[in-house]
1. What about Ser51, is it farther than 30 Å from Gly30 by Cβ and among the hydroxyl-bearing types (Ser, Thr, Tyr)?
2. Within the set of pairs 6 or more residues apart or between chains, which connect a residue that is closer than 17 Å to Val211 by Cβ inside the stretch 232-243 to a residue that is small (Gly, Ala, Ser) with Cβ atoms less than 7 Å apart?
3. Quick one: in the stretch 144-173, which of the residues that are among the charged types (D, E, K, R) and under 29 Å from Gln98 (Cβ atoms) is farthest from the chain's Cα centre (by Cα)?
4. Quickly run through the stretch 38-61 and pick out the residues that are touching a residue at least 40 places away in the same chain (Cβ under 8 Å) and either part of a strand (DSSP E or B) or surrounded by fewer than 17 Cβ atoms within 10 Å (Cβ to Cβ) (or both).
5. Quickly run through the stretch 116-143 and pick out the residues that are in contact with a strand residue (DSSP E or B) (Cβ under 8 Å, 6 or more places away or on another chain) and closer than 22 Å to Leu99 by Cα.
6. For Leu96, which of the numbered conditions (1) surrounded by 14 or more Cβ atoms within 10 Å (Cβ to Cβ); (2) within 22 Å of Gly146 (Cα to Cα); (3) in contact (Cβ under 8 Å) with a residue 12 or more places away in the chain fails to hold?
7. Within the stretch 74-89, which residues are of a type outside the set (Lys, Arg) and touching a residue at least 60 places away in the same chain (Cβ under 8 Å)?
8. Which of the residues that make up the stretch 62-93 are in a loop (DSSP other than H, G, I, E, B) and surrounded by 14 or more Cβ atoms within 10 Å (Cβ to Cβ)?
Amino acid sequence: MSEKTQGTVILTGCSSGIGWAMTAELLAAGYSVLGIDKNETGALAAFGKQSNFNFTQIDLADVDKLPSEIADLSKTIKGSIKALVSNAGIGKMGYLEQLSIADVKLVMDTNFLSHVILTKCLLPRLKQQQTPSDIVYTGSEASLKGARQGSIYCASKFAIRGFSQALRDECGKSGVRVTLLNPGAVRTPFFEDLHFEPGAQPENAIEAKDVAQALLMVLQARPGTVFEEINMSPLTHVWQIKK
């Protein structure tokens with residue numbers, strides 16, 4: 001992949017929801033996007049014909065294969081990396097006793113451990129390159145406060161918040177900025193497999209494009225400025241049970 005004017009952004013979970021919106025906004029702003037997702041359909045259908053978009057199919061939850069897959073991927077990237085946007089995540093909601101051990105492992109591997117491995121694999125390169133770079137994680141309002149039926153999901157998001165805080169301190173003198181985006185209810189396919197969803201009114205949920213625009217603000221900030229955490233919420237919190 002060749003680097004474009006605004007630089008190369010590696011973005012996980014690009015095929016739907018927040019990641020899809022991030023990809024669209026980044027491409028429109030002139031960035032080159034290397035999208036990663038286990039599902040190729042959404043991203044390739046929408047962005048595959050654009051010269052500044054490339055796609056790699058990786059199942060981030062398969063953490064044993066991830067180090068070698070990311071090492072191979074890194075070799076294909078020419079020039080510097082503007083940002084790693086570690087966005088992919090899943091939700092498994094329910095009372096703890098209702099969740100299987102497989103559910104617990106899947107959530108923690110996807111929402112936390114995959115982010116750690118991805119970062120560990122790329123961080124030496126980001127620190128060594130001559131140009132500043134960003135690491136941006138998509139967290140959640142669930143990283144700020146635990147909620148009923150969200151014990152494991154909240155745990156995964158609390159973990160990525162603590163990780164990003166510590167990593168930010170480690171990277172402070174290297175030119176690598178670390179930011180955590182914490183959106184509240186976002187109207188995306190995230191809720192398709194859940195038994196609840198945001199209320200129907202526009203003010204009951206934020207849009208994926210809102211989060212994508214926050215990402216652009218982070219990337220375009222003066223190099224000496226870091227947005228440590230950005231918390232985003234709908235104007236009015238309303239949840240409804242699906243019929």
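1. Numbers: farther than 30 Å from Gly30 by Cβ: no; among the hydroxyl-bearing types (Ser, Thr, Tyr): yes.
When the stated conditions are applied, Ser51 does not pass them.
2. Pairs that qualify, where the first residue is closer than 17 Å to Val211 by Cβ and the partner is small (Gly, Ala, Ser), are Met232/Gly184; Met232/Ala214; Ser233/Gly184; Pro234/Gly184; Pro234/Ala185; Pro234/Ala205.
3. Kept after step one, since they are among the charged types (D, E, K, R), are these residues of the stretch 144-173: 145, 148, 157, 161, 168-170, 173.
Checking which are under 29 Å from Gln98 (Cβ atoms) leaves us with 145, 148, 157, 161.
Working: Lys145: 19, Arg148: 24, Lys157: 11, Arg161: 12 Å.
It comes out as Arg148.
4. Matches in the stretch 38-61: Asn54, Phe55.
5. From the stretch 116-143, those in contact with a strand residue (DSSP E or B) (Cβ under 8 Å, 6 or more places away or on another chain) are 118-119, 122-123, 125-127, 129, 131-141, 143; that's our starting set.
Answer for the stretch 116-143, where residues must be in contact with a strand residue (DSSP E or B) (Cβ under 8 Å, 6 or more places away or on another chain) and closer than 22 Å to Leu99 by Cα: Gly139, Ser140, Glu141, Ser143.
6. For Leu96, the exception is condition (1).
7. Narrowing the stretch 74-89 to residues of a type outside the set (Lys, Arg): 74, 76-77, 79-81, 83-89.
Within the stretch 74-89, Thr76, Ile77, Gly79, Ser80, Ile81, Ala83, Leu84, Val85, Ser86, Asn87, Ala88, Gly89 meet the criteria.
8. Keep residues of the stretch 62-93 that are in a loop (DSSP other than H, G, I, E, B), which gives 62-65, 76-80, 87-93.
Once the filter is applied, which keeps residues that are in a loop (DSSP other than H, G, I, E, B) and surrounded by 14 or more Cβ atoms within 10 Å (Cβ to Cβ), the stretch 62-93 yields Val63, Ile77, Gly79, Ser80, Asn87, Ala88, Gly89, Ile90, Gly91, Lys92, Met93.
The values are calculated or read from the model by the stated rules, or taken from the named source; none is laboratory data. Keep in mind the model is a prediction, meaning the values are calculated, not measured. A quick note on method: Cβ atoms are made from the backbone with ideal geometry, for glycine too, and the neighbour counts reach across all protein chains shown.
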